[in-house]
Structure formats: structure tokens, C-alpha cells
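Scroll down for the structure; my scribbles are underneath it.
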Amino acid sequence: MSGRTNVAVPAAGPAPSGYLGEVARLLWPQPARVTVERGAPAVAHPDTRELLLLPGAASPRLLLPAGERRAAAAAMRHYGEPRSRLARLRARTLAAALRSGAGDVLLRDRLRVHTPEGVETMERHLHRVFGEPVLLSLHVGPPRANRKPVLQLLTPEGRTVGFAKVGVNALTNALVAAERDALAALADAGLLTTAVPAVLHHGTWRDCQVLVLEPLPVWKRRAPATEGPRLAAMREVAASGGLRTQELRDSPFWHRLEAGAGNLSGGAAGAVRLALADIAAADGHRQLTFGAWHGDWNPGNMAVLHDRVLLWDWERYAADVPVGFDPLHFAVQTDITYRKQPPEQAVRRCLDGAAELLRPFDVAPQDSPLVAVLYLAHLAVRYLRDGQAEAGADLGRLESWLLPSLRTAAARLRNPA
């Protein structure tokens, strides 16, 4: 972090615990000292910085650079951009308070970081990447297997110069590298409707994959909330690597799905394999169109402008899946995350509404039940392979919401009556 904040050294508070502690130790490794402090800032020290903890130290969701009014305000505005209109209004109100200087007084909980000269930290690594100091803001997401630090990188003037994703283990390192590969492929795909971030930097720091992306202009005026632009962007992404038609049982997608399920253990994996057996028996011969998908398209990682759709978080991008996975996933995630519907109800709605959801993608009505079941099977294998239940993810226990509908729908393919 650059600039000057009013902080005291030595730090007197406790070290951060839980996930925040893990991230702190990663970004500021020893002999750097990181503590949680409460109260007004004290005297300045050149090797010490603070980050405001929002809403507080007990359950922080956002870390903002303290003492840097314009940068903190810009980070707060960005945090609210992908959310609802009310959430954006609240974020802009708090951003105005931060810009006025009131935030440093009202927000009492802070992360205090003391980094003696010569200590290698993420900030100093990014300083070398950009050739100038940068300030960090960090969004702390909910528990899940693929959770990783995503840093907003700002100048003291409040200009966002990039976003950095940092892998922390084998899974997240693989996902960071996968996003780099996806964006490289999409850069040459000739996309006209969909805007994706450019890669500014990719490398390794202390065995962590680090990917720095350009900021997309999410602050621009949004288009009216209609589904037309989103559907056009989904069709464009589906065709981004070419389309082809093939029998399901001969497709690379099916071979990957079977192999993925076969490599898993436990009762949930067994339920998935039974569903795949029903699918193969009923529709293994069926011809489907295969293309690409974003892999996690939801209202929180897109913004619809008047001339294009901004889309980020490409770590799950894959080619050669049945066309239609993106609209199905978007529907499920919208119901669960934004409409707050029970997950099992969202899955049933997806299955019941598959024909309507897939019509804009030229999926024949008789194929839509199969495509929806394949999507659920793919999602189940992904969750089980990643260990979402073990990571404490809200939707990690598939037995409670996804597997019952998957088994029932797959059996219905085999025995429609």
C-alpha cells in the first residue's frame, strides 16, 4: 500500500483469526506483523498501514485502505456495482462518507500491517508489476473450496488500475491459471457483444499463481433490465470456440463427465454415477450441439451496458459442453442467490422450465430435459471434486438440494412414464 495513514507502532491488538488471518499471513508474510485494532488512528509510521474492516472485525466482508479517502471511496463504489439498485445506493452513500473523511472516524475496526523494509509482501510484488505503488482493497467472500483473495488495486487518487487474483492451494492455483488461459482464448474469439477483461500480468509469487486483470468499466450507465443483451452475449460465448453436433456418448464432454464421477468416492458420488447410467441408457445416442460456456454466469459477475455486456470471473470457462449450460446456471443462481429461493426449488424450476430457458439457443424441446440433467450432473461432479462440502460452502451438501432432483430427472429420462 502506498500513501500515508495515521497508525501506531508497535501494534497492540490480536492477530486476525479465521480466513482473514489466513489471507493476512499470505499477503504479508512474517516478519511482517498484522493485528486487528479498534479505535481512532494514532501517530504515523512509514512502514505501517491500516485497512478499514467493513462492517467490523467480527465478520469482515470488505477491507478498504485507511487514510486514503479517494481510494477507499472508489473501492466502496465498485463493491456495490454488481449488486441491486438499493445495494448500489447504500454503497455510494458510504463511499461519499469515506471521501469526506468521515469513514475513518465512523469505521473503528482496522487491520494494521507493519512491514519492515526488505520484507517481501504482495504489495511490493505488485509495485514491481505496475512500476508504481498501489493500494489494496479486499473483498472477503463466503466459505467455499475455490475462495481466494481478489484484490482491487488502486492509486491514491482513486483510479482502479487492476484486479489481482491470488491462488492459495492446488485448486485455486489451477483456477487462476485456467482463467488466464480462458481470457487468452477469448481475446482471439472476435467477441462483439461481450466484453472480457484483458490480462495485465500473470506470474508466480511465493508458489501462488497471480493474475492481474484490467478493470472493466462497471461504473458506466446501465441499460434497462431486459434479458435480450444477456441472451445475445450467452449465444456469442457459446459459439466462441465453434459449434459442433455429436452423439452424447461419443463426445469429449461425456467422457470427462464419466471419468470425473468415476474418480470420486462416497454416497453422493455413487448417486451421480447412477444418474449417469440412466442418462447413458436413455439418451447416450442422442445428437446434441456442443459449444463453450462461461461456467459461472450469474447476476454478480456481469453488467449490461447500452452497447455491450461486461462479463468477468472466467475461471470456469470450458469449451465442448452442451449448448445451454449458461442460461440454466444463470437461472439457478438467480433463484438461489438473488431471489432467496430454497436451492431444491431452484433446481426443480430449472428442470421444469428447461425448454423455455433453452429456446433462444436453438435447443429442440425434446432435447431440453437431457441438457438440463447433464448440467446438474456436471455441477454435482464439480462440487464433489472441489470439496465444497468440506470447505463449508452453503451449497456443499448436495444430498439436501441437488442430488434428489438429479436422480429423479435422470430416471425419468430412462422411464418417461
message: Need pairs with beta-carbon distance below 6 Å; first residue farther than 17 Å from Glu390 by Cβ and within the stretch 162-180, second part of a helix (DSSP H, G or I); sequence gap 6+ or separate chains.
response: Lys165/Val176; Gly167/Asn173; Gly167/Val176
message: For the stretch 129-136, check the following and say yes or no: at least one residue is more than 18 Å from Val23 (Cβ to Cβ), under 21 Å from the mean Cα position of the chain (by Cα) and β-branched (Val, Ile, Thr).
response: no
task: Identify all residues within the stretch 208-259 that are hydrophobic (A, V, I, L, M, F, W, C) and without any contact (Cβ under 8 Å) to a residue 60 or more places away in the chain; write none if there are none.
output: Leu211, Ala239, Trp254, Ala259
message: Looking only at residues that are of a type in the set (Val, Ile, Thr) and within 15 Å of Arg308 (Cβ to Cβ) in the stretch 207-231, which one is surrounded by the most Cβ atoms within 10 Å (Cβ to Cβ)?
response: Val218
- prompt: Mind checking which residues of the stretch 192-226 are farther than 30 Å from Leu26 by Cβ and either small (Gly, Ala, Ser) or modelled with pLDDT of 95 or more (or both)?
  reply: Leu192, Thr193, Thr194, Ala195, Ala223, Ala225
message: Conditions first: (1) surrounded by 14 or more Cβ atoms within 10 Å (Cβ to Cβ); (2) in contact (Cβ under 8 Å) with a residue 40 or more places away in the chain; (3) assigned by TED's automatic domain parsing to the domain that holds Leu51; (4) within 23 Å of Ala71 (Cα to Cα). Val199 passes all but one, so which condition is the exception?
response: (2)
- prompt: Does at least one position in the stretch 131-146 carry a residue that is in a strand (DSSP E or B), touching a strand residue (DSSP E or B) at 6+ places or on another chain (Cβ under 9 Å) and either modelled with pLDDT under 95 or surrounded by fewer than 15 Cβ atoms within 10 Å (Cβ to Cβ) (or both)?
  reply: yes
query: With the stretch 274-374 as the region, which helices (runs of 4 or more DSSP H) entirely inside it contain at least 1 residues that are within 18 Å of Phe253 (Cα to Cα), without any contact (Cβ under 8 Å) to a residue 12 or more places away in the chain and in the same structural domain as Leu403 (by TED's automatic domain parsing)?
result: none
- prompt: Restricting the search to the stretch 141-173, which residues are within 14 Å of the chain's Cα centre (by Cα) and among the small types (Gly, Ala, Ser)?
  reply: Gly141, Ala145, Ala164, Gly167
statement: Apart from one, (1) surrounded by fewer than 18 Cβ atoms within 10 Å (Cβ to Cβ); (2) not in a loop (DSSP other than H, G, I, E, B) all hold for Gly242; the odd one out is (2)
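The values are calculated or read from the model by the stated rules, or taken from the named source; none is laboratory data. Since the structure is predicted, the reported quantities are computational estimates derived from the model, not experimental observations. Quick reminder, even Gly has a Cβ in these numbers, built from the backbone with ideal geometry, and neighbours come from all protein chains shown.
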